Amino acid sequence: SGWSETWNYIDGSWIEGNPPLMGPRSHASWLGSSVFDGARFFEGVFPDLELHCQRVNDSALALGLKPTLQVGEMVELSKDGAARFKPGSAVYIKPMYWAESDGPGVIAADPASTRFCLCLFEAPMAPAGSAFSITLSPFRRPTMETMPVNAKAGCLYPNNARALVEAKSRGFDNAVVLDMLGNVAELTSANVFMVKDGVVHTPVPNGTFLNGITRQRVIKLLRDAGHQVIERTIGYGEFLTADEIFSTGNYSKVVPVNRIETRQIDPGPVAARARDLYWAFAHA
Ligand code: PMP
């Protein structure tokens, strides 16, 4: 109870709800050896599903796990799973790998014990016209030397979560998290863009934040449509004076910011264009 409609593919069968996956001796439940990805099924389409399935395999390798499914198999399973939901549902598609057993020195995972689950659950899309507020987080992104930031790993998210909780405690919807040098990296579970004088700017991937699949897609779509998009180092001060700010991520796609700190910003034409371009791509 408390969960939206959920279907899981585990060890060859489909199971509804939230069945237990691991025990107290499972490596992942103790030492965090789990990776996941997030894709979407909505309005009958699965945009960039292959890229999300590829990324969860790459994340598994980055954590020393052994990816056991081919991308094509995962895509087919995702489509089987999505077909179990009532027509019109919007679904979040979450493939996961984790380690059951200890490897060298107990703290490392045994790659031979890697398991897979594909979890899909009903998750409505943010309505068109939604917008959100942001503030600067006191927390920063780890570096490649301090965490496996090249993986979409569960063990990275407590840092994002504390940034989100801290922002919400001050009345904001989300937080801008800086990298170790103090430049803008990303939001707590999405990438971030700004617009100034008609030009789009977004932080250049420097190994501290996720180079999102939606981010890369939106950059390409905007450029193909003739917009100038610059990936570069950006300080928070530039966001404070931006004409527009918007986020990209698989969950909500493209959503504009309507307040940064105490300043109201009207959601603008470039964010609206990016969202329209994404929808056109998704349905093409
Ligand atoms: N950054 C973080 C920390 C995220 O969790 C996500 C969501 N996966 C993103 C960025 C956006 O990435 P994507 O577009 O690949 O979903």
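Read the figures in this text as sums done on the coordinates, not as results from a lab. Everything numeric in this text was worked out from a predicted model, so none of it was measured. Methodologically, a virtual Cβ is constructed for each residue, glycine included, from the backbone with ideal geometry; neighbour enumeration extends over all protein chains shown.
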Item checked: Residue that is surrounded by the most Cβ atoms within 10 Å (Cβ to Cβ), among those in the range 35-52 that are more than 19 Å from GLN216 (Cβ to Cβ) and touching a His at 6+ places or on another chain (Cβ under 9 Å) -> GLU43
Check: Name the pairs whose Cβ atoms lie under 9 Å apart, with the first residue in the range 260-284 and at positive phi, the second part of a strand (DSSP E or B), and 6 or more positions between them or separate chains?
Finding: GLU261/SER133; GLU261/ILE134; GLU261/THR135; GLU261/LEU136
Note to self: I'd like the full set of residues that are closer than 17 Å to PRO269 by Cβ and within 16 Å of the ligand (Cβ to nearest atom), limited to the range 209-227.
What the structure shows: VAL218, LEU221, LEU222
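This table checks each residue for (1) touching a Lys or Arg at 6+ places or on another chain (Cβ under 7 Å); (2) within 16 Å of the ligand (Cβ to nearest atom); (3) more than 25 Å from GLY88 (Cα to Cα).
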| site | (1), (2), (3) |
| --- | --- |
| TRP7 | yes, no, no |
| GLY17 | no, no, no |
| MET22 | no, no, yes |
| HIS27 | no, no, yes |
Item checked: Among (1) closer than 30 Å to LEU21 by Cα; (2) touching a strand residue (DSSP E or B) at 6+ places or on another chain (Cβ under 7 Å); (3) not β-branched (Val, Ile, Thr), the one test that ASN150 misses -> (2)
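Looking only at residues in the range 194-205 that are more than 14 Å from the ligand (Cβ to nearest atom) and assigned to a loop (DSSP other than H, G, I, E, B), which one is nearest to LEU240 (Cα to Cα)? Write out each step before concluding.
If we filter the range 194-205 for residues that are more than 14 Å from the ligand (Cβ to nearest atom), which is where we start, we get 194-201, 204.
Those left that are additionally assigned to a loop (DSSP other than H, G, I, E, B): 197-198, 204.
Details: ASP197: 14, GLY198: 16, VAL204: 18 Å.
This residue is ASP197.
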Next item on the list: Identify all residues within the range 210-261 that are among the hydroxyl-bearing types (Ser, Thr, Tyr), in a loop (DSSP other than H, G, I, E, B) and within 12 Å of the chain's Cα centre (by Cα); write none if there are none.
Entry: TYR251, SER252
Check: Which ones in the range 102-125 are over 19 Å from the mean Cα position of the chain (by Cα) and not in a strand (DSSP E or B)?
Finding: GLY103, PRO104, GLY105, VAL106, ILE107, ALA108, ASP110, PRO111, ALA112, SER113
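Results for (1) at positive phi; (2) surrounded by 23 or more Cβ atoms within 10 Å (Cβ to Cβ); (3) away from the ligand (no atom under 11 Å from the Cβ), shown as yes or no for each residue.
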site	(1), (2), (3)
ASN183	no, no, yes
VAL192	no, yes, no
GLY207	yes, no, yes
VAL229	no, no, yes
Check: For the range 59-101, which residues satisfy the criterion of being among the acidic types (Asp, Glu) and either surrounded by 15 or more Cβ atoms within 10 Å (Cβ to Cβ) or in a loop (DSSP other than H, G, I, E, B) (or both)?
Finding: GLU100
Checklist line | Restricting the range 240-255 to residues that are away from the ligand (no atom under 16 Å from the Cβ) and buried (at least 19 other Cβ atoms within 10 Å of the Cβ), the residue that is farthest from TYR92 (Cα to Cα) | finding: ALA242
Next item on the list: Within the range 153-181, count every residue that is within 16 Å of the ligand (Cβ to nearest atom) and not in a strand (DSSP E or B).
Entry: 17
Checklist line | Selection within the range 115-147 - more than 13 Å from the ligand (Cβ to nearest atom) and touching a helix residue (DSSP H, G or I) at 6+ places or on another chain (Cβ under 7 Å) | finding: LEU118, LEU120, THR135, LEU136, PRO138
